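Enquirer: Below is one structure. I have some questions about it.
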Amino acid sequence: VYAASDAVSGIKAAARRINDLAYRGARYGDMCVVAAGSVAEIKRIFSEHGIPYFADSSGKLSARPLARYVLTAIDCAQRGYRRRDMIRLAKNPCAGVDRRDADAMENYCNARLVDYLGFFRPFEEPAAERARARIAASAGAFTQALKNAYGPAPFAAAVRGLLAAAADDEAAGKIDNLLRQLESLLPERCPQRLVCECFSEGLDAATVGALPAYTDTVTVGAPEVFRGQTYGHVFILGFNDGELPAYAADEGLLSDAECGEIGGVEP
């Protein structure tokens with residue numbers, strides 16, 4: 001349990017100790033780091049110290065680029081290709097558009113006030129045109145598939161067509177599971193607006209995260225991650241700064257009698 005002047009100093013102290021233990025023959029897999037809140041700083045410092053680690057990075061499915069890509073494509077189809085939506089679609093990493101081409105398309109559209117069906121006419125600048133052509137093709141095909149999608153099955157087919165070229169396999173699998181749930185729960189014929197709302201709420205409710213690493217790595221996470229597990233070395237960060245543990249009662253965590261039993265601890 002490390003006491004330090006700030007959180008970063010505590011993480012660096014733990015990193016030095018972990019490397020020292022590894023040098024003396026301890027396995028990284030026998031160590032864990034208990035931390036509350038964000039683990040971004042832990043990831044950065046452990047990377048700088050060359051420590052292999054696994055930190056659960058689960059979050060809402062709706063926050064994944066692939067989910068945002070699908071939701072933006074729905075906005076493009078339903079709102080008639082508004083400039084802001086089409087630019088968001090082009091700049092999404094799942095669109096397959098080069099970042100510089102997407103920036104060129106954004107500048108081109110804003111300078112010339114391109115909107116709506118203007119995205120289906122060729123642009124004069126090559127970089128902007130490359131982005132426009134790719135986005136117009138995917139958005140146009142999706143809109144056509146969504147045109148008569150009155151019910152969960154045709155909606156799911158349209159979304160699956162959009163996912164076909166996606167690289168995010170984990171999120172794609174979760175989205176496909178959600179589509180199957182919609183197909184089984186919603187009536188065969190229902191308004192597209194209802195299907196879209198249920199789809200959006202389902203994305204927001206679902207979570208997706210990295211698979212646990214079973215190789216020789218230091219596990220980083222909140223206390224609940226380590227329930228029922230045994231480690232040779234446990235590093236607890238943020239224990240005494242109000243983060244960990246979450247404890248609101250007035251009495252101390254350890255009684256005077258318990259301190260006596262532990263030994264070497266002054267009440």
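Enquirer: Considering only segment 98-105, I want to know if a residue exists there that is part of a helix (DSSP H, G or I), touching a helix residue (DSSP H, G or I) at 6+ places or on another chain (Cβ under 7 Å) and closer than 30 Å to Gly202 by Cβ.
Expert: The answer is yes, given that some residue of segment 98-105 is part of a helix (DSSP H, G or I), touching a helix residue (DSSP H, G or I) at 6+ places or on another chain (Cβ under 7 Å) and closer than 30 Å to Gly202 by Cβ.
Enquirer: When you scan segment 147-172, how many residues do you find that are buried (at least 21 other Cβ atoms within 10 Å of the Cβ) and in contact with a Phe, Trp or Tyr (Cβ under 7 Å, 6 or more places away or on another chain)?
Expert: Number satisfying all stated conditions: 2.
Enquirer: Still on this structure, I have one more. Test of understanding: among Gly29, Gly10, which residue is in contact (Cβ under 8 Å) with a residue 24 or more places away in the chain, open to solvent by less than 20 Å² (accessible area, probe 1.4 Å), part of a helix (DSSP H, G or I) and not hydrophobic (A, V, I, L, M, F, W, C)?
Expert: Testing whether each residue is in contact (Cβ under 8 Å) with a residue 24 or more places away in the chain, open to solvent by less than 20 Å² (accessible area, probe 1.4 Å), part of a helix (DSSP H, G or I) and not hydrophobic (A, V, I, L, M, F, W, C) leaves just Gly10.
Here is a yes/no grid of residues against (1) at pLDDT below 90; (2) surrounded by 13 or more Cβ atoms within 10 Å (Cβ to Cβ); (3) under 30 Å from Gly161 (Cα atoms); (4) not hydrophobic (A, V, I, L, M, F, W, C):
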{"position": "Ser5", "(1), (2), (3), (4)": "yes, no, no, yes"}
{"position": "Arg17", "(1), (2), (3), (4)": "no, yes, no, yes"}
{"position": "Val39", "(1), (2), (3), (4)": "yes, yes, no, no"}
{"position": "Arg44", "(1), (2), (3), (4)": "yes, no, no, yes"}
{"position": "Phe54", "(1), (2), (3), (4)": "yes, yes, no, no"}
{"position": "Gly59", "(1), (2), (3), (4)": "yes, no, yes, yes"}
{"position": "Tyr69", "(1), (2), (3), (4)": "no, yes, yes, yes"}
{"position": "Ala73", "(1), (2), (3), (4)": "no, yes, yes, no"}
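Enquirer: Pick from segment 91-113 the residues that are open to solvent by less than 20 Å² (accessible area, probe 1.4 Å) and in contact with a Phe, Trp or Tyr (Cβ under 7 Å, 6 or more places away or on another chain): which of them is farthest from Ala172 (Cα to Cα)?
Expert: Going through the qualifying residues, I end up with Tyr108.
The values are calculated or read from the model by the stated rules, or taken from the named source; none is laboratory data. Just so it is clear, the structure is predicted and the values come from calculations on it, not from any experiment. So basically every Cβ, Gly included, is an ideal-geometry build from the backbone, and we count neighbours across all protein chains shown. For the accessible areas, the whole protein counts, side chains as well, though only heavy atoms, and no ligand, DNA or RNA atoms are used. Shrake-Rupley method; radii C 1.70, N 1.55, O 1.52, S 1.80 Å.
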